[in-house]
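The values are calculated or read from the model by the stated rules, or taken from the named source; none is laboratory data. These figures come from a predicted structure and were not determined experimentally. Cβ: placed from backbone, ideal geometry, glycine included. Neighbour counts: every protein chain shown.
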Amino acid sequence: MLAEEAEYWWENTRQRLEAASAAITWEGFREEFLGKYFPVDVRNKKEIEFLELKQGNMSVADYAAKFEELSRFCPNYNDVGAEGSKCVKFEGGLHPEIKQFIGYQEIHQFSMLVNKCRIYDEDSRARSTYYKSINDKKSKGQDRRKPYESSTDK
């Protein structure tokens, strides 16, 4: 369902195609639509962005969402037999700690791989937050002076 500017565009495009006696198919519409609203150079940039994607500062859940969003620009990663390649690409962009933990498991089902990585990431972040809070509590009440110094010494 198209609205506003896209609807006007389609009316004009449909009239042009009908005048040229071209059959209007879903594939033809898709090609016209992508050509108008999503040019090849933009699609190529998205493909490169996908191929260079790394987890960086993202959580695994955010990385997986970005991965899924961009993977549609690389159709070879979405073929029926490409599940293993998709897993290899996803693992390659993970933080080394997560990659090391998950890599030996040789998971070739993408949804399972993402889920295990997400659980590990969330547990790791929770553990880090816990130990940081304990460390902060310990250092809060401590006097940083040397034990043999008195408060009157310079």
(message) For the range 92-110, which positions are surrounded by fewer than 16 Cβ atoms within 10 Å (Cβ to Cβ) and within 20 Å of N78 (Cβ to Cβ)?
(response) G92, H108, Q109
(message) Any residue at all in the range 106-128 that's more than 24 Å from E47 (Cα to Cα) and not in a helix (DSSP H, G or I)?
(response) yes
(message) Quick test for you: out of K86, K36, pick the one residue that is of a type in the set (K, R), part of a helix (DSSP H, G or I) and under 30 Å from S124 (Cα atoms).
(response) K86
(message) Can you tell me how many residues within the range 1-28 are under 29 Å from the mean Cα position of the chain (by Cα) and surrounded by 11 or more Cβ atoms within 10 Å (Cβ to Cβ)?
(response) 2
(message) Looking at L53, L113, can you tell me which residue is among the aliphatic types (A, V, I, L, M), surrounded by 10 or more Cβ atoms within 10 Å (Cβ to Cβ), in contact with a Gly (Cβ under 9 Å, 6 or more places away or on another chain) and modelled with pLDDT of 90 or more?
(response) L53
(message) Can you tell me how many residues within the range 10-56 are among the β-branched types (V, I, T) and closer than 25 Å to V114 by Cα?
(response) 1
(message) Looking at the range 40-59, I want the residues that are closer than 14 Å to S71 by Cα and have a partner that is in a loop (DSSP other than H, G, I, E, B) and at pLDDT 95 or above with Cβ atoms under 8 Å, at least 6 apart or on another chain. Which pairs are those?
(response) L53/G93; K54/G93
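What number of residues within the range 89-105 satisfy the criterion of being among the hydroxyl-bearing types (S, T, Y) and part of a helix (DSSP H, G or I)?
So the answer is 0.
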(message) Among (1) within 30 Å of T13 (Cβ to Cβ); (2) part of a helix (DSSP H, G or I); (3) touching a helix residue (DSSP H, G or I) at 6+ places or on another chain (Cβ under 6 Å), there is one condition F73 misses while meeting the rest; what is its number?
(response) (2)
(request) Check the range 68-81 and report whether any residue there is within 30 Å of S124 (Cα to Cα), at pLDDT 90 or above and of a type in the set (A, V, I, L, M). (result) yes
